[in-house]
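Below is one structure, written out as C-alpha cells, with a few remarks after it.
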Amino acid sequence: MIDLYYWPTPNGHKITLFLEEAGLEYRIKPVNIGKGDQFDPGFLAFSPNNKMPAIIDHAPADGGEPVSVFESGAILLYLANKTGRFFGGDVRRKVEVNQWLMWQMGGLGPMTGQYGHFTVYAPEPVPYAIERYTNEAQRLLAVLDRRLAGRAFITGEDYTIADMASYPWINPYDKAPLDLGPYPEVRRWHAAIAARPATQRAYALTAQVNPDAGKPLGEEERRLLFGKGPTRG
C-alpha cells in the first residue's frame, strides 16, 4: 500500500497518472495547500520542502521499513524502479527517459508555472515577467514539438515517466491558455494521453479531492500558496 500525499495540481497529477497506469494500490492523503496543510510538522517530517506530492511506500521492494519520497520527479523514478515499468528496459533507454524527465523538472514545469503565476495569480500585472515567461513556455513547447515528430511519445513508441511528468504541464491554466496552434505534434501527443483510461481516472480525482477547484483564491490562500508560509503568532 502506498500513501499518496496529494492535491490536484500538475505535480500531483504526475503521480496519480503513474499509479493508475501501474494499477498499484494506493490511498490519497489530501494536502490542502490552500489551507496550509503543507506546513504541518507531521508532513514536513518526510517532505521537508513543504511541497506536495510525497509518498510513503509501506511495501518497499526490499521488504524493509516504509520508504518516503518527496519531489514529483524522484517519486516517478522510485515507482518506475519499484515496478520495472515506464522507464525503459536498458541503460541507454533509461538515460533517454531520465534526461527528458529532468527537462520537465528543470524547464517545462518551472517556466510554465511562472507563466501561470504572473498571468493568473499576480496581484498586479508585471509586463516584463509576463513576456519573459510566455516566451519561455512557448520555446519549451517548440522543443517538445520537434522532439515528438516521428515519435508516439517523448522517447519513442513507449509511454514513460517522461510523458507522465510533462503531460500535466501542457496548458494547465484555463484562465490563461497558451496558443497550441503552432505545435501539432504536442496537440496530437496530448490528445492521445488524455484518451487513456488511466489518465481519465487520475484526473477524475480532482473533483473528489477538491470540489472547489477553479474557484477564485482568497487572500489567505494566496498568502499560503505564494511563499509567505503559515501565520505565526
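The values are calculated or read from the model by the stated rules, or taken from the named source; none is laboratory data. Everything numeric here is computed off the predicted structure, so don't read it as measured data. With ideal geometry, Cβ positions are generated from the backbone for all residues, glycine too; neighbour counts draw on all protein chains shown.
The figures follow:
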| read-out | value |
| --- | --- |
| Qualifying residue in segment 139-146 (condition: basic (Lys, Arg) and either within 24 Å of ILE28 (Cβ to Cβ) or assigned to a helix (DSSP H, G or I) (or both)) | yes |
| Leading residue by the ranking (modelled with the lowest pLDDT) among those in segment 46-81 that are more than 13 Å from the chain's Cα centre (by Cα) and of a type in the set (Asp, Glu) | ASP62 |
| Odd one out for TYR159 among (1) part of a helix (DSSP H, G or I); (2) modelled with pLDDT of 95 or more; (3) within 30 Å of PRO30 (Cβ to Cβ); (4) not aliphatic (A, V, I, L, M) | (1) |
| All positions within segment 82-138 that are surrounded by fewer than 16 Cβ atoms within 10 Å (Cβ to Cβ), aromatic (Phe, Trp, Tyr) and at pLDDT 95 or above | TYR128 |
| Conditions (1) in a helix (DSSP H, G or I); (2) assigned by TED's automatic domain parsing to the domain that holds ILE154; (3) hydroxyl-bearing (Ser, Thr, Tyr): number failed by TYR173 | (1) |
| Residue under evaluation ALA142, criteria (1) in contact (Cβ under 8 Å) with a residue 60 or more places away in the chain; (2) over 30 Å from LYS215 (Cβ atoms), criterion not met | (1) |
| Pairs, first closer than 20 Å to TYR133 by Cβ in segment 173-201, second among the basic types (Lys, Arg), C-beta under 6 Å, six or more apart | LEU180/ARG187 |
| Any hit, segment 207-216, residues being assigned by TED's automatic domain parsing to the domain that holds HIS13, at positive phi and out of contact with any Phe, Trp or Tyr (no Cβ under 8 Å at 6 or more places or on another chain) | yes |
| Residue in segment 72-84 that is closer than 21 Å to LEU225 by Cα and in the same structural domain as GLU21 (by TED's automatic domain parsing) present | yes |
| From the options TYR203, TYR167, residue that is assigned to a helix (DSSP H, G or I), among the aromatic types (Phe, Trp, Tyr) and in the same structural domain as ALA80 (by TED's automatic domain parsing) | TYR203 |
| Positions within segment 217-233 being modelled with pLDDT under 70 and surrounded by fewer than 11 Cβ atoms within 10 Å (Cβ to Cβ), in sequence order | GLY227, LYS228, THR231, ARG232, GLY233 |
